[in-house]
Amino acid sequence: MKINELVRILKPELFIPGMQSGTKPAVLDELVQPLVTGGFVRSKGLVIETLSKRETLGSTGIGKGVAVPHCRTLAVSDLHIVVGISKKGVDFDALDKKPAQLFFLIVAPPLDGNNLYLPVLGKVVESVRDSKLRQAMIAAPDFGSFLKAIQGG
Amino acid sequence: MTRNLIELMVLYQDLDLMLKETAEAEATMGFEMEGREKLRKAMDDIAKNISPRFLRTYQRLHTRFKRPIVPVQNDVCLGCFAKLPTSYGEKGRKDQMIYTCEQCGRILYWVE
Ligand SMILES: [Zn+2]
């Protein structure tokens, strides 16, 4: 997957530049909310519960201040990515113990026609590897700046 | 748990697929995957809240289909693409009952 294919999936209404939550469950709730507002999910509770159970498998806090909570669930009909930025950071049980500041929530249906789920997940993980770009993404004040940052500044 | 029957069953299936499908690929991306047993236990707890009759229906279907519960869109079963009666959807969206596709027998979940 190319970065512009990932960028094409991102939506301004699914971008939260100033996350308020201070705990892991609150973060999941805050990230799912724009999907509910946008009418992208049938059941908010079901999505949150599936995401929480995914965390049981192992934290999606991948370290370096990034968390990628994700799941497949029948409660959505299409793949969606919600991007959230927390200035203060939230403990997400990451291996390196660093608080997470940059969140990518990825939800997809079990039957995803183009089979985008794993490629998208892989591309997101790859896109945050570069520390300069990561910092630029965390510092992005708006959607436009974020898109610029994720595409290499 | 206040969740209704169909949502519990959907949750059960989503977690079942989660354990089977993505673990290996995600591990190679650098995700921690240590909690398989914990997740399996969580699934057992969810199963306890599903009445045995419906759990049996799910398990019987599971021997034939990878996904016993399928979404319905525009009155079409996305398991076999049969057109369902519109009245089905009106009931299925709000009822606590479990509805199955007349053609393939899969359990239906109205996503919209
Ligand atoms: Zn069918």
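The values are calculated or read from the model by the stated rules, or taken from the named source; none is laboratory data. Here the structure is a predicted model, which is why all the values come from computation and not from measurement. Quick reminder, even Gly has a Cβ in these numbers, built from the backbone with ideal geometry, and neighbours come from all protein chains shown. For the accessible areas, the whole protein counts, side chains as well, though only heavy atoms, and no ligand, DNA or RNA atoms are used. Shrake-Rupley method; radii C 1.70, N 1.55, O 1.52, S 1.80 Å.
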Relative to chain B, whose Cα atoms define the longest principal axis, helix B:52-62 and its Cα axis are tilted in degrees, nearest 10, by 80
Reported to the nearest 10 Å², B:E37 has, with a 1.4 Å probe, an accessible area equal to 120
Heavy-atom accessible area per residue of the protein assembly as shown, all protein chains kept, 1.4 Å probe, expressed in Å², is 46
With every protein chain in place, the accessible area of A:V125 for a 1.4 Å probe, in Å² rounded to the nearest 10, comes to 10
The simple spin-label model distance between B:E21 and A:K97, using points 7 Å out along Cα→Cβ, in nm, is 3.7
Between the alpha carbon centres of the stretch B:81-99 and the stretch B:52-69 the gap in Å comes to 18
Taking 0.36 nm per residue of separation between A:K64 and A:M1 and subtracting their Cα-Cα distance, the length gained on full extension comes to 20.4 nm
Rounded to the nearest 500, the 222 nm mean residue ellipticity computed for chain A from DSSP H runs (n ≥ 4, each -39500 (n - 2.57)) alone is -12500 deg cm²/dmol
Between the alpha carbon centres of the stretch A:83-101 and the stretch A:108-139 the gap in Å comes to 17
Interface residues of the stretch A:40-74, defined as losing at least 40 Å² of accessible area versus the chain alone with a 1.4 Å probe, are A:R42, A:L46, A:E49, A:T50, A:K53, A:R54, A:T56, A:L57, A:R72, A:L74
Connecting every pair of Cα atoms under 10 Å apart in chain A and solving the GNM, the largest mean-square fluctuation among A:L57, A:L133, A:L105 falls on A:L57
Result row for chain A, helices from DSSP H with C-alpha axial extent 30 Å or more and mean Kyte hydropathy at least 1.6, is none
The stretch A:3-150: relative contact order from alpha carbon pairs under 8 Å, six or more residues apart, as a whole percent, is 25
Largest-first ranking of A:T56, A:T50, A:T23, B:T28 by accessible area, probe 1.4 Å, whole protein assembly kept, is B:T28, A:T23, A:T56, A:T50
Cα-based Rg and Dmax for the stretch A:69-153, in Å, come out at 13.8, 38
Among A:K132/B:K41; A:K123/B:K41; A:K88/A:K123; A:K11/A:K98, the pairs whose Cα-Cα distance exceeds 29 Å are A:K132/B:K41; A:K123/B:K41
For the pair B:D44 and A:E13, the simple spin-label estimate (label points 7 Å beyond Cα toward Cβ) gives in nm 4.4
For B:K38, the lysines lying under 19 Å Cα to Cα, once residues fewer than eight places off in the same chain are dropped, come out as A:K24, A:K53, B:K20, B:K48
Using the Cα gyration tensor of the stretch A:3-150, the equivalent ellipsoid's semi-axes, largest first and to the nearest Å, work out to 21, 18, 15
So the angle from the long Cα axis of helix B:5-21 to the longest Cα principal axis of chain B, reported in degrees to the nearest 10, equals 40
Over its alpha-carbon atoms, chain B yields an Rg and a Dmax in Å of 15.3, 47
